[in-house]
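What follows is a single structure, written as structure tokens, with notes after it.
Since every read-out is calculated from the coordinates, none of them should be taken as a lab result. Source: prediction; values computed, not measured. No Cβ is skipped: glycine too gets one built from the backbone with ideal geometry, and neighbour counts run over all protein chains shown.
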Number of protein chains: 2
Amino acid sequence: MSAKAQRPRPKTRIQREKQEVILEAALDVFSQFGFRGSTIDQIAEAAGMSKPNLLYYFKSKEDIHAPLLARILDTWLEPLREMSPEGDALSEIRSYIRRKLEMSRDFPRESRLFANEMLRGAPGFYEILHTDLKTLVDEKALIITGWMAEGRLARCDPYHLIFSIWATTQHYADFDIQVQAVLGSERGGDNRFEDAALFLDQLYLHGLTPK
Amino acid sequence: MSAKAQRPRPKTRIQREKQEVILEAALDVFSQFGFRGSTIDQIAEAAGMSKPNLLYYFKSKEDIHAPLLARILDTWLEPLREMSPEGDALSEIRSYIRRKLEMSRDFPRESRLFANEMLRGAPGFYEILHTDLKTLVDEKALIITGWMAEGRLARCDPYHLIFSIWATTQHYADFDIQVQAVLGSERGGDNRFEDAALFLDQLYLHGLTPK
DNA sequence: ATTTTTTTTGACCGATTGGAAAAATTCTAG
DNA sequence: CTAGAATTTTTCCAATCGGTCAAAAAAAAT
């Protein structure tokens with residue numbers, strides 16, 4: 001046994017590039033059909049390579065799926081992490097909504113991948129939800145409760161407030177087909193996110209302004 | 001060719017019962033894994049019968065899936081249909097929210113089946129969304145706009161108002177795992193729907209009351 | 001230029017998939 | 001009780017599934 005064999009070899013240029021291509025293709029497929037509904041062949045074709053070639057870079061289907069999930073939860077919660085107790089209560093919440101909506105616009109596949117994972121009970125996600133996510137939300141709920149105590153925000157359940165923000169913003173990514181169908185071709189073009197931002201801003205402004 | 005062969009035989013008692021058992025089992029499976037992620041074997045086992053036996057009642061996987069979808073959209077939109085222009089604006093909207101939330105509580109699988117179908121682009125649903133659904137929402141949006149013109153409701157985009165109601169209520173069915181994880185064991189028990197109802201009622205009351 | 005390493009390919013594997021066919025069984029109407 | 005219909009089981013199929021392996025090809029290092 002040599003010491004050299006222990007440390008993993010550095011990645012080559014091709015490895016980095018192809019792994020990126022594969023993850024990109026996998027995101028396309030997984031976000032539509034979920035983990036079980038997607039096939040390696042499908043991903044390989046979307047990535048423009050053969051199945052054995054793809055399996056040279058990722059040992060298994062799960063090995064492609066896992067890093068996508070890991071990457072997403074982090075990105076997904078970043079806007080919430082940035083909510084600061086020092087800022088103005090209403091401004092902080094409204095800018096959180098705006099940023100979350102921008103993510104639905106710019107990363108709809110990531111949103112759908114996440115939704116797919118939730119729908120099947122988040123098997124490879126369960127612990128993180130109960131630890132990392134819960135801790136973060138608890139922390140932010142405390143901040144929000146503080147704002148309410150100071151009279152800067154109408155009193156309400158901070159957890160359900162956060163849920164409602166998640167729901168309303170992610171809806172535009174996850175149910176995009178429905179949204180576009182209902183809005184029709186003229187209204188659903190590109191301004192549906194601007195209209196949504198306007199509506200949500202107003203709803204939460206009036207809904208959360210203390211009386 | 002006899003005329004008798006044309007008209008389908010009446011269903012027997014066993015046919016009606018077993019078809020119901022199968023659809024029930026299929027709802028369990030499809031709502032978790034989506035159409036492509038579910039297998040006939042899985043559904044057959046959940047229904048307590050063999051695969052060929054199941055295929056005696058439904059010719060194919062799609063033949064099990066289709067009636068579930070058809071049944072759901074109808075049930076799903078019933079609360080919206082009941083929104084009447086004669087009622088009080090705010091009361092109508094608040095009771096719509098309440099009814100929709102009750103459906104998420106009582107029929108979470110139906111909600112998840114619907115969500116799964118949206119995520120993959122609603123292939124067997126596309127036309128209905130653009131015709132039936134759009135027509136209904138257009139009609140109700142007109143009613144809402146009328147209320148606003150009468151000064152009974154704060155001015156806002158009626159379409160995005162409806163979207164936000166769909167999103168916030170369905171969230172409690174589709175993302176139930178996440179909701180329960182964040183709320184924890186004590187707060188997430190059985191009163192999460194009551195708490196949600198309270199929060200949403202307040203948010204939309206203050207958010208939509210004309211100034 | 002040649003050796004070594006990395007990448008790609010093609011052929012293949014056992015398990016599972018959606019589904020067909022037919023025999024065996026059970027139910028039901030007369 | 002019995003003929004005919006309805007139901008269930010057994011067996012089977014071709015296609016696809018996730019994944020392996022060895023050999024060929026291409027890059028990189030010497």
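With a Förster radius of 51 Å applied to the beta-carbon distance between residue B:12 and residue A:187, the computed FRET efficiency rounds to 0.55.
For region A:16-32 versus region B:169-211, the inter-centroid distance based on Cα atoms is 35 Å.
Inter-chain neighbour count for A:165-173: the average number of beta-carbon atoms from partner chains within 10 Å of each residue's beta-carbon is 5.
Structural descriptor for region A:3-59: relative contact order 32 percent, calculated from alpha carbon pairs under 8 angstrom and at least 6 residues apart.
Between rounded, prolate and oblate, where does the protein assembly as shown land on the alpha carbon gyration tensor, with a ≥ b ≥ c its root eigenvalues, rounded for a/c under 1.5, else prolate if a/b exceeds b/c? Please list the in-between numbers first.
Details: a/c = 1.81, a/b = 1.08, b/c = 1.67.
Judged from the Cα gyration tensor, the protein assembly as shown comes out oblate (a/c at least 1.5, b/c at or above a/b).
Short-range pairs are left out: with C-alpha atoms under 8 Å and at least six residues apart, the relative contact order of region B:1-140 is 28 percent.
Under 12 Å from the Cβ of residue A:176, count the other residues' Cβ atoms, weight Lys and Arg +1, Asp and Glu -1, and hand me the total. Don't jump to the answer; show the numbers that get you there.
Numbers: positive: A:105, A:109, A:112, A:192, B:120; negative: A:174.
Value of the local net charge: +4.
Got the relative contact order for region A:66-208 handy, in percent, Cα pairs under 8 Å and 6 or more residues apart? After rounding, I find 37 percent.
Among the residues of B:107-118, the average count of other protein chain beta-carbon atoms within 10 Å of the residue beta-carbon is 3.
The charge dipole of region B:118-196, taken about its Cα centre with unit charges on the Cβ of Lys, Arg, Asp and Glu (plus for the first two, minus for the last two), comes to roughly 200 debye. Helix A:13-37 and the long axis of chain A differ in direction by around 60°, with both axes built from C-alpha atoms. Pairs of lysine residues in chain B that meet both criteria, 8 or more places apart or on different chains and Cα atoms under 24 Å apart, total 12. From most to least packed by mean Cβ count within 10 Å, the peptides B:69-76, A:105-112, B:167-174 give B:167-174, A:105-112, B:69-76.
When peptides A:196-204, A:134-142 are ranked by their average number of other Cβ atoms within 10 Å per residue, the highest-first order is A:196-204, A:134-142. Neighbours of residue B:95 by Cβ distance under 12 Å: Lys/Arg scored +1, Asp/Glu scored -1, total -1. Approximating the spin labels as points 7 Å out from Cα along Cα→Cβ, the residue A:63-to-residue B:106 distance works out to 5.0 nm.
Once both labels are positioned 7 Å from their Cα atoms along Cα-to-Cβ, the gap between residue A:150 and residue A:50 label points is 6.4 nm.
Based on Cα atoms of region A:66-208, Rg over Rh with Rh as the Kirkwood radius reads 0.98. Annotation for residue B:205 and residue B:20: the two label points, set 7 Å from Cα along the Cα-Cβ direction, are 4.1 nm apart.
What full-extension length gain, to one decimal in nm, is calculated for residue A:126 and residue A:88 as 0.36 nm per residue of separation minus the Cα-Cα distance? Please list the in-between numbers first.
Values: separation 38, 0.36 × 38 = 13.68 nm, distance 3.36 nm.
Difference between extended and current length: 10.3 nm.
So what's the projected area for region A:1-157, the Cα convex hull averaged over all directions, in nm²? Write out the running numbers ahead of the final one.
Values: hull surface 51.8 nm².
Reported value for the Cα convex hull: 12.9 nm².
For the residues of B:194-202, the average number of beta carbons from a partner chain within 10 Å of their own beta carbon is 4. Applied to region A:92-103, the Karplus parametrisation 6.51 cos²θ - 1.76 cosθ + 1.60 on θ = phi - 60° returns per-residue 3J(HN,Hα) values of 4, 5, 5, 6, 5, 4, 4, 5, 5, 5, 5, 5 Hz, with x for Gly and Pro.
For chain A, the longest principal axis of the C-alpha atoms and the axis of helix A:61-81 are separated by about 20°.
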